[in-house]
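J.: Here it is, the structure in full.
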Amino acid sequence: MSDTEPLFDTLRNLADQDVVAAIEAVIRNGTDRQLCRINILIFAAEHGLNEQKTIDGFLHAARLGLFELTWNILCPGCGGVLDATQTLKSVHKEAYNCALCACGYEPTLDEMVEVAFTVSPRVRRIAAHDPHSLPVWEYFRQIFWGSGVDLPETGLEEVLEEITIESIELPPGEKALLSLQLPAAFVIVFEPVTHAAHFIDVKGEPTRERQNLAMIFNKFHTPTGTTEMRPGPLRLALDNRTDVRALPGVWIAGEALHHLLGKRRPFLTAKRLLTNQTFRDLYRTDTLDVHQGLKITSLTFLFTDLKGSTALYESVGDIVAYDLVREHFRVLQEIVASEAGAVVKTIGDAVMATFPTPDRALAAALRMRDSVHNLKNDLLIKIGIHEGPCLAVTVNDRLDYFGQTVNIAARVQGLSTSQAIHITGPVIDAPAVAAILDKAAITPIQKQAALRGIADKIVVYEIP
């Protein structure tokens, strides 16, 4: 641990001091479980820390090598981790299949990709660095389920044993026969390491005749099948053809299982991390593959442009105007970052930024308007905001966004001719936006606007 002292010293110069103290404490004194796939949002809440500063602190810590950052593709149904990768470039855009839920899901960066942090083995070795050494229920907790599933800190083993008819730890290359009694219920044979499952619909009159079922575990994901059986004896033949242990279990798919999987909590999503300025600064090219293109179901875009910048250069001279424009960029970037957003790019005197929610974008826009006016009272900024689905793509080695939502946001910015901010219906309909407008005593002005490249007129709202 003494080798990490220089890393902690560097981290103190980069991140919030309270966040650094909490990170240092958990690395030194936390349990193995606490250091595996840390849920940053829960970590911040439990330590009374600012969420944004906590995210920034962990990003700096990961860049220094204190943590390993992982992108986990989650099943929206059961919360299980369908795949875990060290880079977002490894997330493919084809559907991921969950055997436990018997469903396929096309990945989106909103709620299907979780970002978690595990302590680096070079800093501190924990059991999860060798996941196949974990006890079976700890494997489920630390490896199979994502950090958004709200599992009890104590008593998880008792809950899982309540729903489990039979289970076994099957070494690599080994076979086993299980003899059990099937109850009159819907039963799942599930293996979490290979993500294999088979459903048994147990119904009808009980039988004394032995029923048979065989399952093979390998590296190939086969569709989840269903077999109808009667209550009574079952001989289950299991064959592990992988080079790691398998952990098959026979579960009753009843209320207890649904209750366990239904309890959720917030977690850091890929969408939120991609709108984080610190992430964009630290991981400039380590994002998406150039041919990837992943969907985001909801992202808020803000476009700005300086009004009269050409006249500014004429009135005050090139050097003064350049300094003013450069300062304007610095101020805008600070405001964007403080509202959990990120600057995607600058185009001339314009800025394109993204935010996880519309209220964050509007709060930033109001501050931008005041700050630019304070910078020079005759300097005006045009701002447009729109929210909707988009594609995350890589262009010129940088993360960018594509789609009609982006086009509309850019066109809406062009409607502003003075200090007014223009926003669209999806923005004003966001619940937290109304609270911001009420607090600022602002009454939006509704109007119809024709946008270049958009077939029909759309309703926009001017924020005077």
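The values are calculated or read from the model by the stated rules, or taken from the named source; none is laboratory data. Here the structure is a predicted model, which is why all the values come from computation and not from measurement. Glycine gets a Cβ as well: all are built from the backbone with ideal geometry, and neighbour counts include every protein chain shown. Surface areas here come from the heavy atoms of the whole protein model, side chains and all, with no ligands, DNA or RNA. Shrake-Rupley method; radii C 1.70, N 1.55, O 1.52, S 1.80 Å.
J.: Which ones in the stretch 37-74 are open to solvent by 20 Å² or more (accessible area, probe 1.4 Å), in a helix (DSSP H, G or I) and of a type outside the set (G, A, S)?
T.: Once the filter is applied, which keeps residues that are open to solvent by 20 Å² or more (accessible area, probe 1.4 Å), in a helix (DSSP H, G or I) and of a type outside the set (G, A, S), the stretch 37-74 yields I42, E46, E51, Q52, K53, D56, H60, R63, L64.
J.: Hey, can you tell me all the residues within the stretch 179-195 that are open to solvent by 20 Å² or more (accessible area, probe 1.4 Å) and not in a loop (DSSP other than H, G, I, E, B)?
T.: Those that are open to solvent by 20 Å² or more (accessible area, probe 1.4 Å) and not in a loop (DSSP other than H, G, I, E, B): S179, Q181, F186.
J.: Which of the residues spanning the stretch 331-350 are over 23 Å from A270 (Cβ atoms) and not in a helix (DSSP H, G or I)?
T.: Within the stretch 331-350, T346, I347, G348, D349, A350 meet the criteria.
J.: Taking the stated definitions as given, is E209 exposed (fewer than 13 other Cβ atoms within 10 Å of the Cβ), out of contact with any helix residue (DSSP H, G or I) (no Cβ under 6 Å at 6 or more places or on another chain) and in a loop (DSSP other than H, G, I, E, B)?
T.: Details: exposed (fewer than 13 other Cβ atoms within 10 Å of the Cβ): yes; out of contact with any helix residue (DSSP H, G or I) (no Cβ under 6 Å at 6 or more places or on another chain): yes; in a loop (DSSP other than H, G, I, E, B): yes.
So E209 passes the test.
J.: Might you check whether a residue that is closer than 19 Å to R141 by Cα, in contact (Cβ under 8 Å) with a residue 12 or more places away in the chain and of a type outside the set (F, W, Y) occurs anywhere in the stretch 46-69?
T.: yes
J.: While we're on this one: If Q34 satisfies all but one of (1) surrounded by fewer than 21 Cβ atoms within 10 Å (Cβ to Cβ); (2) in contact with a helix residue (DSSP H, G or I) (Cβ under 8 Å, 6 or more places away or on another chain); (3) more than 29 Å from P192 (Cα to Cα), what's the number of the condition it fails?
T.: (3)
J.: Let me ask something additional. Considering only the stretch 76-95, how many residues are of a type in the set (G, A, S), within 18 Å of A392 (Cβ to Cβ) and not in a loop (DSSP other than H, G, I, E, B)?
T.: 1
J.: List, please: which pairs have Cβ atoms under 6 Å, are six or more places apart or on different chains, and start with a residue in the stretch 424-451 that is open to solvent by 50 Å² or more (accessible area, probe 1.4 Å) and end with one that is at pLDDT below 95 and of a type in the set (K, R)?
T.: Q448/K457; A450/K457
J.: Could you grab me the full set of residues in the stretch 147-164 that are of a type outside the set (A, V, I, L, M) and either in contact with a Lys or Arg (Cβ under 7 Å, 6 or more places away or on another chain) or in a helix (DSSP H, G or I) (or both)?
T.: Passing the criteria: S147, G148, D150, E157, E158, E161, E162.
J.: Looking only at residues that are assigned to a strand (DSSP E or B) and either in contact with a His (Cβ under 6 Å, 6 or more places away or on another chain) or open to solvent by 20 Å² or more (accessible area, probe 1.4 Å) (or both) in the stretch 351-385, which one is nearest to T297 (Cα to Cα)?
T.: Filtering the stretch 351-385 for residues that are assigned to a strand (DSSP E or B) and either in contact with a His (Cβ under 6 Å, 6 or more places away or on another chain) or open to solvent by 20 Å² or more (accessible area, probe 1.4 Å) (or both), the one nearest to T297 (Cα to Cα) comes out as G384.
J.: Only residues that are assigned to a helix (DSSP H, G or I) and open to solvent by less than 10 Å² (accessible area, probe 1.4 Å): list them for the stretch 96-143, please.
T.: F140
J.: Name, by its number, the condition in (1) over 26 Å from I408 (Cα atoms); (2) touching a Gly at 6+ places or on another chain (Cβ under 8 Å); (3) among the small types (G, A, S) that does not hold for S298.
T.: Going through (1) over 26 Å from I408 (Cα atoms); (2) touching a Gly at 6+ places or on another chain (Cβ under 8 Å); (3) among the small types (G, A, S) one by one, S298 breaks only (1).
J.: List every residue pair whose Cβ atoms sit under 9 Å apart, with the two residues 6 or more apart in sequence or on different chains, where the first one lies in the stretch 384-404 and is under 22 Å from M368 (Cα atoms) and the second, anywhere, is part of a loop (DSSP other than H, G, I, E, B) and at pLDDT below 85.
T.: Going by the 9 Å Cβ cut-off, the qualifying pairs are G384/S416.
J.: Restricting to the stretch 216-258, name every residue that is in contact with a strand residue (DSSP E or B) (Cβ under 8 Å, 6 or more places away or on another chain), open to solvent by 20 Å² or more (accessible area, probe 1.4 Å), closer than 25 Å to L82 by Cβ and among the aliphatic types (A, V, I, L, M).
T.: Across the stretch 216-258, the qualifying residues are I216, I252, A253.
J.: Going by what's in this entry, would E161 be described as charged (D, E, K, R), at pLDDT 95 or above and either at negative phi or out of contact with any strand residue (DSSP E or B) (no Cβ under 9 Å at 6 or more places or on another chain) (or both)?
T.: For E161, the condition - charged (D, E, K, R), at pLDDT 95 or above and either at negative phi or out of contact with any strand residue (DSSP E or B) (no Cβ under 9 Å at 6 or more places or on another chain) (or both) - is not met.
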